[in-house]
Amino acid sequence: MFLEGQNAPDFKLLGSDGKEHTLADYRGRILVLFFYPRDNTPGCTAEAVGFAKLQSLFEQLGAVLVGVSKDSMKSHDKFIADFKLPFTLLSDPDASVMKRYGAFGEKVQYGKTTMGTIRSTVVISPEGIVIKHWLKVAKASEHPDKVLDFFKMLAKGR
């Protein structure tokens with residue numbers, strides 16, 4: 001499911017800040033929504049810490065970072081505390097939002113086909129259009145830099 005050029009699917013999820021978040025909450029801002037499999041796992045930690053280190057640069061470029069996984073609020077709270085993550089994490093326990101974004105489905109892990117979260121990222125314009133979609137992130141630790149490079153390219157084009 002490739003979403004570039006389409007309206008971003010709406011969502012309503014509970015965030016680590018104790019508030020309910022919807023797509024409409026981010027109207028007028030650029031939203032980086034990154035989907036990841038699980039809090040406190042090596043790849044997910046590398047990706048989240050990478051985004052955290054670049055947070056101020058994303059803010060300077062007008063972007064808001066938000067992570068989404070199936071994890072509970074308790075798990076998110078620990079993940080944020082352990083790694084001092086400066087952004088909101090949303091909980092999608094039934095993967096309903098992930099499915100709408102193509103971030104949950106069949107994947108091959110260790111040679112075995114399973115159903116699960118597919119590490120992916122979308123960048124949503126202030127008008128709610130998906131302007132970039134990484135369908136499957138292969139190297140979690142390198143991904144935040146690739147997203148930042150996309151933003152730098154966007155900034156040059158303005």
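The values are calculated or read from the model by the stated rules, or taken from the named source; none is laboratory data. Predicted model only: the values in this text are computed from it and were never measured. Neighbour counts run over all protein chains shown; Cβ positions are idealised from the backbone, glycine included. Just the protein is used for accessible areas: all its heavy atoms, side chains included, with ligands, DNA and RNA removed. Shrake-Rupley method; radii C 1.70, N 1.55, O 1.52, S 1.80 Å.
Condition first: in a loop (DSSP other than H, G, I, E, B) and in contact with a Gly (Cβ under 7 Å, 6 or more places away or on another chain). Now tell me which residues in segment 4-24 satisfy that. I'd like the intermediate steps shown before the answer.
Within segment 4-24, the subset in a loop (DSSP other than H, G, I, E, B) is 4-6, 8-11, 16-19.
Correct list: Ala8 only.
Residue by residue, here is whether (1) open to solvent by 80 Å² or more (accessible area, probe 1.4 Å); (2) not in a helix (DSSP H, G or I) holds:
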{"position": "Lys74", "(1), (2)": "yes, no"}
{"position": "Lys78", "(1), (2)": "yes, no"}
{"position": "Leu85", "(1), (2)": "no, yes"}
{"position": "Leu90", "(1), (2)": "no, yes"}
{"position": "Pro93", "(1), (2)": "yes, yes"}
{"position": "Gly105", "(1), (2)": "no, yes"}
{"position": "Thr114", "(1), (2)": "no, yes"}
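For the condition assigned to a helix (DSSP H, G or I), modelled with pLDDT of 95 or more, under 14 Å from the mean Cα position of the chain (by Cα) and closer than 29 Å to Thr114 by Cα, what is the one hit in Val68, Val49? Break it down stepwise before answering.
Numbers: Val68 fails: assigned to a helix (DSSP H, G or I).
Exactly one of Val68, Val49 is assigned to a helix (DSSP H, G or I), modelled with pLDDT of 95 or more, under 14 Å from the mean Cα position of the chain (by Cα) and closer than 29 Å to Thr114 by Cα, namely Val49.
Filter segment 23-41 down to residues that are out of contact with any Ser or Thr (no Cβ under 9 Å at 6 or more places or on another chain) and open to solvent by 30 Å² or more (accessible area, probe 1.4 Å) and give me whichever is nearest to Tyr101 (Cα to Cα). Steps first, answer last, please.
Within segment 23-41, the first condition is being out of contact with any Ser or Thr (no Cβ under 9 Å at 6 or more places or on another chain), and the residues that meet it are 23-29, 41.
Still in the running and open to solvent by 30 Å² or more (accessible area, probe 1.4 Å): 24-25, 27-29, 41.
On the way: Ala24: 16, Asp25: 18, Arg27: 18, Gly28: 20, Arg29: 19, Thr41: 22 Å.
This residue is Ala24.
Scanning for something among the acidic types (Asp, Glu), open to solvent by 20 Å² or more (accessible area, probe 1.4 Å) and within 15 Å of the chain's Cα centre (by Cα), does segment 5-20 turn up at least one residue?
yes
Looking at segment 1-30, which of its residues are under 14 Å from Ser120 (Cβ atoms) and modelled with pLDDT of 95 or more? If you could, list the steps in order and put the result at the bottom.
From segment 1-30, those under 14 Å from Ser120 (Cβ atoms) are 1-4, 8-9; that's our starting set.
Those that are under 14 Å from Ser120 (Cβ atoms) and modelled with pLDDT of 95 or more: Ala8, Pro9.
All but one of (1) exposed (fewer than 15 other Cβ atoms within 10 Å of the Cβ); (2) within 17 Å of Phe35 (Cβ to Cβ) hold for Arg119; which doesn't?
Every listed condition holds for Arg119 apart from (1).
List the number of the failed condition for Met115; all other conditions in (1) modelled with pLDDT under 95; (2) more than 17 Å from Ile30 (Cα to Cα); (3) in contact with a helix residue (DSSP H, G or I) (Cβ under 8 Å, 6 or more places away or on another chain) hold.
(3)
Residues of segment 127-142 being buried (at least 17 other Cβ atoms within 10 Å of the Cβ), more than 16 Å from Leu61 (Cα to Cα), in contact with a strand residue (DSSP E or B) (Cβ under 7 Å, 6 or more places away or on another chain) and in contact (Cβ under 8 Å) with a residue 40 or more places away in the chain, which ones?
Residues satisfying the conditions are Gly128, Val130, His133, Val137.
Can you pull out every residue in segment 112-138 that is among the charged types (D, E, K, R), within 19 Å of Thr41 (Cα to Cα) and in contact with an Asp or Glu (Cβ under 9 Å, 6 or more places away or on another chain)?
Listed by number, the list holds a single entry, Arg119.
Given (1) touching a Gly at 6+ places or on another chain (Cβ under 8 Å); (2) open to solvent by less than 60 Å² (accessible area, probe 1.4 Å), where does Thr45 come up short, assuming only one miss?
If we test Thr45 against (1) touching a Gly at 6+ places or on another chain (Cβ under 8 Å); (2) open to solvent by less than 60 Å² (accessible area, probe 1.4 Å), just (1) comes out false.
How many residues are part of a loop (DSSP other than H, G, I, E, B) and closer than 16 Å to Ala63 by Cα if we restrict to segment 116-126?
Keep residues of segment 116-126 that are part of a loop (DSSP other than H, G, I, E, B), which gives 118-119, 125-126.
In the following step, the residues that additionally are closer than 16 Å to Ala63 by Cα were identified as 125-126.
Total meeting the criteria: 2.
If you take the residues in segment 55-65 that are part of a helix (DSSP H, G or I) and within 14 Å of the chain's Cα centre (by Cα), which one is surrounded by the fewest Cβ atoms within 10 Å (Cβ to Cβ)?
Filtering segment 55-65 for residues part of a helix (DSSP H, G or I) gives 55-60.
Those left that are additionally within 14 Å of the chain's Cα centre (by Cα): 55, 58.
Details: Gln55: 16, Phe58: 19.
Top of the filtered list is Gln55.
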